[in-house]
Amino acid sequence: MQKQIVLLPGDGIGAEVIASAQEVLTAIANKADYSFSFETYDIGGVAVDKHGSPLPEETVSACSQADAVLLGAVGGPKWDQLPSHLRPERGLLGIRKALGLYANLRPVKGFPKLLDSSPLKEEIIQGSDLLIVRELTGGLYFGTPSERSKDGESVVDTLVYTKAEIERIVDKAFQSAQLRRKHLTSVDKANVLESSKLWREIVESKRASYPDVTVDHLLVDAAAMKLITNPSQFDVIVTENMFGDILSDEASVLTGSLGMLPSASLSESGIGLYEPAHGSAPDIAGKGIANPIAMILSAAMMLRYSLQMEQEAQAIETAVESIINQGYHTADLQVKEGQIVKTKEMTNLIVDFIQSIKL
Ligand code: IPM
Ligand code: MN
């Protein structure tokens, strides 16, 4: 069977890590007697340069017809001064909205071999294994108005959530918890924000439908602290868009590098977009030293959630783990021992491992 995959490399290291994911998927396809067709479209800064828009219409239409989408990263200093509607980030927010990608799943699991690359003490991060379920198409990043007043003396951003938007992400989080250690922590700012009060009420109202899941609530400031003082207390964290954005970068410290964190963005219609949680890293773009693992693990999530290829997804995850266990890592990880490899070598090691195993 052939599946259509749209690749959106975007900016900075995006193209380098997308190329790695494509190689890994091709290796999987050869093994699994399966085939993927890849088509590449523009998004972000490169799309602004080529088409005058961070999200050209043809990109949206290709993505909506695809079986799944892989995205590298968007943004960079070159486009920082553009007016907000032309910023590369608008492309990413726009494609999430256009495809209805309301549920962003960001698993955070440390690799034992890499624990010493985290600035946190090993005994604190040992055993941490959590999933952040971030609401992705509502809240502050999408509310209007979001603008500066005419006289330039004031600004406004708007945080809007409908009940339905909160309900569907909370359901997704409960269901994710049921597949894991059955513990859900809902993170909000219910002591201040109206949106958070409603969020908490909805989580409470859903408890009875998931009796096997233990639920607790944490305010976002306390959650930020606990995430790095006692991360192993968490299983699934569910939270609104901006809190999830911030907490997931923070949680990446548990793995030693943002370069290790994959993500899946899922919709109600079935289309999914998969991207690393890291950005475009313009400082190292083009040098061939980017860590491709977050992108490769995102491709594994694509096999799991969009293509129902669980065994193949696990094969990629096993390959990554095994190469890390052999002591290989990219330069973003400050590990005392082991061998630093570049993007291409890391990709080849993972591909060779996949070729050597039985599927
Ligand atoms: C992320 C990124 C994006 C976000 C930016 C680039 C708009 O930080 O995926 O976490 O805030 O969602
Ligand atoms: Mn972010």
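The values are calculated or read from the model by the stated rules, or taken from the named source; none is laboratory data. None of these values were measured; they are calculated from a predicted model. No Cβ is skipped: glycine too gets one built from the backbone with ideal geometry, and neighbour counts run over all protein chains shown.
Here Leu261 passes the criteria (1) of a type outside the set (Gly, Ala, Ser); (2) closer than 27 Å to Asp332 by Cβ; (3) touching a helix residue (DSSP H, G or I) at 6+ places or on another chain (Cβ under 8 Å); (4) more than 13 Å from ligand 1 (Cβ to nearest atom) except the one numbered (4). Kindly provide the set of residues from the range 82-105 that are part of a strand (DSSP E or B) and either of a type in the set (A, V, I, L, M) or not assigned by TED's automatic domain parsing to the domain that holds Ile271 (or both), ordered by number. Selection gives Ala103, Leu105. Listed by position, the strands (runs of 3 or more DSSP E) inside the range 184-278 whose residues that are touching a residue at least 40 places away in the same chain (Cβ under 8 Å) and buried (at least 18 other Cβ atoms within 10 Å of the Cβ) number at least 2 are 236-239, 264-266, 272-274.
For the range 156-169, filtered to residues that are in contact (Cβ under 8 Å) with a residue 12 or more places away in the chain and touching a strand residue (DSSP E or B) at 6+ places or on another chain (Cβ under 6 Å), the residue that is farthest from Ser146 (Cα to Cα) is Ile169. So, Ile271, is that one touching a Cys at 6+ places or on another chain (Cβ under 8 Å), modelled with pLDDT of 95 or more and more than 16 Å from ligand 1 (Cβ to nearest atom) or not? Judged against the criteria, Ile271 is a match.
With respect to being over 11 Å from Val108 (Cβ atoms) and modelled with pLDDT under 95, Gly259 fits the description. Of a type in the set (Val, Ile, Thr), assigned by TED's automatic domain parsing to the domain that holds Glu58, under 20 Å from the mean Cα position of the chain (by Cα) and under 18 Å from Cys63 (Cα atoms): does that describe Ile13? Considered against the rule, which asks whether it is of a type in the set (Val, Ile, Thr), assigned by TED's automatic domain parsing to the domain that holds Glu58, under 20 Å from the mean Cα position of the chain (by Cα) and under 18 Å from Cys63 (Cα atoms), Ile13 comes out as no.
Of everything in the range 279-296 that's part of a loop (DSSP other than H, G, I, E, B) and within 16 Å of ligand 2 (Cβ to nearest atom), which residue is nearest to the chain's Cα centre (by Cα)? Once the filter is applied, the top-ranked residue is Gly279. Looking across Met242, Met295, one residue alone is within 16 Å of ligand 1 (Cβ to nearest atom) and either of a type in the set (Asp, Glu) or farther than 29 Å from Glu337 by Cβ (or both). It is Met242. Going residue by residue through the range 220-234, is there one that turns out to be β-branched (Val, Ile, Thr) and either closer than 19 Å to Leu140 by Cα or within 16 Å of ligand 1 (Cβ to nearest atom) (or both)? There is at least one residue in the range 220-234 that is β-branched (Val, Ile, Thr) and either closer than 19 Å to Leu140 by Cα or within 16 Å of ligand 1 (Cβ to nearest atom) (or both).
Of the residues examined, Lys113 is one that is of a type in the set (D, E, K, R), more than 16 Å from ligand 2 (Cβ to nearest atom) and surrounded by 18 or more Cβ atoms within 10 Å (Cβ to Cβ). All conditions in (1) surrounded by fewer than 17 Cβ atoms within 10 Å (Cβ to Cβ); (2) not in a helix (DSSP H, G or I) hold for Asp332, with the sole exception of (1). Residue check: Leu247 meets all listed conditions (1) within 16 Å of ligand 1 (Cβ to nearest atom); (2) touching a helix residue (DSSP H, G or I) at 6+ places or on another chain (Cβ under 6 Å); (3) not assigned by TED's automatic domain parsing to the domain that holds Ala290 but one, namely (2).
Among the residues in the range 297-313, are any within 16 Å of ligand 2 (Cβ to nearest atom) and on the phi < 0 side of the Ramachandran plot? Yes, the range 297-313 contains a residue that is within 16 Å of ligand 2 (Cβ to nearest atom) and on the phi < 0 side of the Ramachandran plot. Screening the range 238-256 for residues that are in contact with a Phe, Trp or Tyr (Cβ under 9 Å, 6 or more places away or on another chain) and within 16 Å of ligand 2 (Cβ to nearest atom) and picking the one that is modelled with the lowest pLDDT gives Thr255. Among the residues of the range 167-192, which ones are closer than 12 Å to Ser209 by Cα and among the aliphatic types (A, V, I, L, M)? Val170 - this is the single residue of the range 167-192 that is closer than 12 Å to Ser209 by Cα and among the aliphatic types (A, V, I, L, M).
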